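Report on the following structure.
The values are calculated or read from the model by the stated rules, or taken from the named source; none is laboratory data. Just so you know, these numbers come straight off a predicted model, no measurement behind them. Reconstructed Cβ throughout: ideal geometry from the backbone, glycine too, with neighbour counts over all protein chains shown. For accessibility, only protein heavy atoms count, side chains too; no ligands or nucleic acids. Shrake-Rupley method; radii C 1.70, N 1.55, O 1.52, S 1.80 Å.
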Amino acid sequence: MILAKSATCRLLPLHILIEAGELISPADKARQNQLLSTAEIIAHAAVIKVITLSRIDESIGKGIARVA
């Protein structure tokens, strides 16, 4: 999970699932949603606008670059 602050004072929690030629399991997707929900709760405690992002990509680095 990565938290990045953008120029508009928003936190963007990002979670990337790696696609390795196999289907992403429902358990992995549920864990992703749980992590993003937790990040959103923490960010709201700081009274900052939050936009959660989830992505399935071939690598973490490429996922970050594509979201940016």
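Key figures for this structure:
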read-out	value
Residues that are assigned to a helix (DSSP H, G or I) and of a type outside the set (A, V, I, L, M, F, W, C), drawn from segment 47-63	GLY61, LYS62, GLY63
Residues of segment 17-42 satisfying the condition of being hydrophobic (A, V, I, L, M, F, W, C), part of a helix (DSSP H, G or I) and surrounded by 13 or more Cβ atoms within 10 Å (Cβ to Cβ)	LEU35, LEU36, ALA39, ILE42
Whichever residue in segment 43-58 is in contact with a strand residue (DSSP E or B) (Cβ under 9 Å, 6 or more places away or on another chain) and over 20 Å from ALA68 (Cα atoms) and, among such residues, is most open to solvent (accessible area, probe 1.4 Å)	HIS44
